[in-house]
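The values are calculated or read from the model by the stated rules, or taken from the named source; none is laboratory data. Given the structure is predicted, the values throughout are model-derived calculations rather than measurements. With ideal geometry, Cβ positions are generated from the backbone for all residues, glycine too; neighbour counts draw on all protein chains shown. Each accessible area value is taken on the protein alone, full model and side chains, heavy atoms only, with ligands, DNA and RNA left out. Shrake-Rupley method; radii C 1.70, N 1.55, O 1.52, S 1.80 Å.
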Amino acid sequence: PEMEYSEFPLQKFYRYVVTSDLSDVAPRAVFRDLPKHQILTMRMDVPEPWNVQSSWTLQDVDNLRCDDVICGDEPGSTVTTIEYSLKSLVVGGQCYDVVFHHPPNGLQLSLLSSSTAANTDAISDTLVMQNLGYFQLQAQPGVWQIALASGRGRDLFELLTDQADSSHPVVKDEEEEASLVPVSSHPVLVTTFYDTVTQLRVRKKRGMEDLQLLEDTPSTGEEQQPASASQTVEVQAQGPGSSVAAGGGGIFSSMSKMFSLSTNTTQQEDNKIHVFSLATGHLYERFLKIMMLSVVKRSSMPVKFWLFENFLSPTFKESAEAMAQAYGFEVAFVTYKWPSWLRQQTSKQRIIWGYKILFLDVLFPLNVNKVIYVDSDQTVRGDLAELWKMDLKGKPYGYTPFCSSRKETLGYQFWRQGYWKDHLRGKPYHISALYVVDLLRFRQMAVGDQLRALYDQLSRDPNSLANLDQDLPNYAQHMVPIFSLPQEWLWCESWCSDDTKAKAKTIDLCNNPMHKEPKLDMAKRVISGALFKEGWNELDEEIRELEHRHKITAGSREATTASFSVGGG
């Protein structure tokens, strides 16, 4: 045996929780004699259809440690308790067009409580991916109905079943040699903890065969041209009363109809700023609360936060809800299960990066038409309403290019030379710490499908996509164009000069390639001074006072360190 090791030889410790003992209503795993001088991270490996979330814990599951400061939940104890709960089950499946024999990617689906429920009562919704015609919905055990969501998809397509019904004309499909009839919804029984795989079959309605679900639109950056006479005649020829034939409002009105469940609901959502973010570990949750408070204090419009739930602690969620009540904003938690057919990431850091970019088309309700991603370690100085209303010139998303005004770090900008310089061909390399996504355009262009296909290709090489969430959209610029946001929308000390800080509308705590500095120390130093109405310390203390009033505690150890970095740059 080796007498010396350069690192701890055991990296993972496994325990099985679910057993064959059906009388055990609260199964548990017990870890004993764990190393005390290493930082440990707890992670659940669960079946693919399970949406399991942390429901109770005092400690930071990303930074579990036992040292001279504290060890365990209580003074004098070495026991840390973490509870998880099964929140929902994934209803996954495939959808394909029985006539053209390919997935109708972009087709929107709703999960309803009954066949008579309106689409506005959808329990969850999603769209069909080009990849295998895959779709994913979240549900509780029970009997549900899957229907085509209202909009262009339901105008063009009909849902089919092979169960002949005398009330419908039977149509013979020669390829499948089965009798298919149109139905309003497809029943789904969620009665098992194993995969619930649903096969959906659709086809174009009669007279709609030549119309595309994802319509061609003017190329990005070009002015819209009026429809030609032949196009106008074709639309009108579909007949009065057809929602596809209603041709007023131009291409963006058409897109809004194509990708929305309800006009009224969509208008209500468009009247507020939707902010997306994610965090893992108590330190980055602490940063996230600062970011949220800075956004709300500067915004001239109502704000709704969409927070990725998979890695959030129960204490943070309790705190976020208390903040929402105190400051008058909305907060919602979204989740998604990484599909088994898409190449998996094993590092938690890279899993988080993947969720930032790979599932934007399916992560939010279909009536959310735009979203702004803001890294958890940012502080906002400007009004996000300005960014919300910014014209992206027909492009699906907008990112801020990296600063080039701090001369001493220019040598660390790898995209200025070699492979990246040749690939970009003069296009800027953008930072992923803040971006705005036009979800209407994003879904209409099937950008999600393109990014997933490109990711699957590039990730075969373990040395590619070193910064997954940042490299992927920058690499894809020639197929999915990026609108470059004005430079002042993202300032970080590592890349931007000091004299440009006064114009900055957001401040990001980028890692400095020249030296290391703890994030907390950087935040207290950089987010302070005359440029800020409230410094980082003041915002942090304001949140602490709110949590104290609501008796919200996050364990005995103050959040000062992190095992994972969320942001880009």
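Over the alpha-carbon set of segment 268-405, divide Rg by the Kirkwood Rh and report the Rg/Rh ratio to two decimals.
0.95
When the expected Rg is taken as 2.2 N^0.38 Å, what fraction or multiple of it is the alpha-carbon Rg of segment 328-382? Walk me through the numbers on the way to the answer.
Working: Rg = 13.7 Å, N = 55, 2.2 N^0.38 = 10.1 Å.
It is 1.35.
Highest mean first, how do 77-90, 292-305 rank when packing is the count of other Cβ atoms within 10 Å averaged over residues?
Working: 77-90: 15.8, 292-305: 19.4.
Answer by packing, highest mean first, reads 292-305, 77-90.
Do the alpha carbons of any pairs in LYS427/LYS503; LYS12/LYS317; LYS87/LYS272; LYS317/LYS356; LYS317/LYS501; LYS205/LYS337 sit beyond 22 Å of each other, and which pairs? Each step should come with its number before you reach the end.
Details: LYS427/LYS503 24 Å; LYS12/LYS317 28 Å; LYS87/LYS272 28 Å; LYS317/LYS356 19 Å; LYS317/LYS501 32 Å; LYS205/LYS337 32 Å.
Check vs 22 Å cut-off fails for LYS427/LYS503; LYS12/LYS317; LYS87/LYS272; LYS317/LYS501; LYS205/LYS337.
In whole percent, and with a 1.4 Å probe on the protein chains, what portion of the accessible area of segment 296-450 is carbon and sulfur?
Values: 2480 of 5160 Å².
Of all accessible area on segment 296-450, carbon and sulfur atoms account for 48 percent.
Taking +1 at the Cβ of each Lys and Arg and -1 at the Cβ of each Asp and Glu, which of HIS478, THR506, ASN463 sits farthest along the dipole of segment 459-509 towards its positive end, judged by Cα position relative to the Cα centre?
HIS478
What order do you get for 153-159, 27-33 when each peptide is scored by the mean count of other beta carbon atoms within 10 Å, highest first? Mind dumping the intermediate values first?
Values: 153-159: 20.3, 27-33: 9.3.
The peptides rank, most packed first, as 153-159, 27-33.
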